[in-house]
Amino acid sequence: MSLNYTHQLFKKTAELPENWDQVSASCLFLQKNYLQTLEESSPENMECTFLGIFDSEKLVATSLIQEIDLAKLTGFGERDHAIKTAMRNFLFKQFASQLLLVGNNMLSGQNAYAFLPEVDEKILVEKLRVIVENWPNKPHLTIFKDFNEGQIKTFHIPAFGTDYEFSSQPNMVFEINPNWQSENDYVADLTKKYRDQWKRCRKKGDGLSRKELSYVEIVEQEERIYALYLHVAENAPFNTFILPSNHFSTFKKYVGTDFILRGYFLDNQLVGFSTVIRHGEELETYFLGYDETIQREKMLYLNMLYDMVECGIAEGFSRIILGRTALEIKSSIGAKATQLKGIMRHRFGLIHRNLSWIFPILEPEADWIERHPYKD
């Protein structure tokens, strides 16, 4: 591959080359069905561009670019005392509100690009660097996200030599023991303390009914689903976007059986929901929502986590990607912290040279205790 290869930007999935999904085969989140979900139901402050890289007329790599305007948000979450929150909001709006991401800010993991086997990955990322450096809308920050320790080495080339390499909050990953045939096998491997936690949680959840909702049922419950989602999203410690109200039904419409929305009902009333995505050997968690009073009474969130474990075991997945929130409670069910890294460049040289101390102010602190629920 050569930096002289051409590229093309697309805004609509109908315009994508015929073999787009073949090139994107390694990543569901770069395939047409998922990109159509973004096209029709992206957050208001996010604009998505689908990038194709060509060798002559042959498509050889695909990528997702997201432009995020944080200035359209009223705030970025309440996680510190008022002075620090005010300082963070000021810094974001003045110096870091216009973001350009190579990757997907709605998910964890390397969902930035895919390519054919003949493509040299280091030359690909160098090509991506050239493209974003010449982006029509000049962002404050250009970010390549999320890469594990092995993947980040691809960026250790001169084209990224002056970029700031950073780590954000860890991604919680639940590894599924191949010997587990059912949830009971998982529970048997827990220490007494965490078996008791599981028993207490399941007992508290008595009276809850669970149902995987179809597309039609999601549409019927859309207003309630969105209200439950907003309750959680608006109380999160950090936000860079809010989903639109039609996002979950649109996701189900295009991704189909690979997208699971499980509703939780009490006395025939929807009181919570969780979402997961089937992605190869991995089950990826997405967004959820719940009624706060029911959550406390029924330990609803923890029941959702145990249900994801049960689903992952029953369907033969290797691991469950649980994301970056609620680190300690996820640790208590057996998830481990996996560090992901990114590459960042600020448009203004003075700020860029000081990112090593500015970034920690903007990034929420991970204050949690790792739990060890399994027997030795």
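A few comments on the model shown:
- Stretch gain in nm, segment A188-E281, where the contour uses 0.36 nm per residue and the Cα spacing is subtracted: 31.1 nm
- With both labels modelled 7 Å from their Cα along Cα-to-Cβ, the D376 to S245 distance reads 5.7 nm.
- Globularity index of segment 211-294, i.e. its alpha-carbon radius of gyration over 2.2 N^0.38 Å: 1.06
- Sorted largest first, the spans of the alpha carbon positions of segment 230-376 along the three principal axes are 58, 46, 35 Å.
- Computed FRET value (nearest 0.05) for S26 with I131, which takes r as the C-beta separation and R₀ as 22 Å: 0.60
- One quarter of the surface of the convex hull around the alpha-carbon atoms of segment 254-299 equals 4.0 nm², the direction-averaged projected area.
- Our summary gives segment 247-367 a relative contact order of 15 percent, counting only alpha carbon pairs under 8 angstrom and 6 or more residues apart.
- Cα centre as origin, Lys/Arg/Asp/Glu Cβ charges: the chain dipole, Debye: 880 debye
- Relative contact order for the chain: 22 percent, from Cα pairs under 8 Å spaced at least 6 residues apart, divided by residue count.
- Rounded to the nearest 500, the 222 nm mean residue ellipticity of the chain from helices alone is -10000 deg cm²/dmol, with -39,500 (n - 2.57) taken per DSSP H run of at least 4 residues.
- At q = 0.08, 0.15 Å⁻¹ the log10 of I(q)/I(0) for the chain amounts to -0.43, -1.49, computed by Debye summation with a single uniform scatterer per C-alpha, solvent ignored.
- Neighbourhood net charge (10 Å Cβ-Cβ; Lys/Arg +1, Asp/Glu -1) for G109: -2
- Accessible area per residue for segment 197-250 is 54 Å², calculated with a 1.4 Å probe on protein heavy atoms, without ligands, DNA or RNA.
- Fully extended contour minus Cα-Cα distance, from K58 to N354, at 0.36 nm per residue: 102.4 nm
- Estimated at 0.36 nm per residue, the fully extended path between A366 and E220 surpasses their Cα-Cα distance by 48.8 nm.
- Computed over protein heavy atoms with a 1.4 angstrom probe, the accessible surface ordering of H247, H156, largest first, is H156, H247.
- Rounded percent of accessible protein surface that carbon and sulfur make up, segment 186-229, 1.4 Å probe: 51 percent
- Working note: Karplus 6.51/-1.76/1.60 with θ = phi - 60° gives segment 260-271 the couplings 10, 10, 9, x, 10, 10, 9, 6, 6, 10, 5, 10 Hz, where Gly and Pro are set to x.
- For N111, the residues whose modelled amide H falls within less than 5 Å of its own, excluding neighbours fewer than 5 places apart on the same chain, are N104, D146.
- Share of carbon and sulfur in the accessible heavy-atom surface of segment 233-376 [1.4 Å probe, %]: 49 percent
The values are calculated or read from the model by the stated rules, or taken from the named source; none is laboratory data. These numbers were taken from a predicted model, which means no experiment stands behind them. A quick note on method: Cβ atoms are made from the backbone with ideal geometry, for glycine too, and the neighbour counts reach across all protein chains shown. Only protein heavy atoms, including side chains, enter the accessible area calculation; ligands, DNA and RNA are left aside. Shrake-Rupley method; radii C 1.70, N 1.55, O 1.52, S 1.80 Å.
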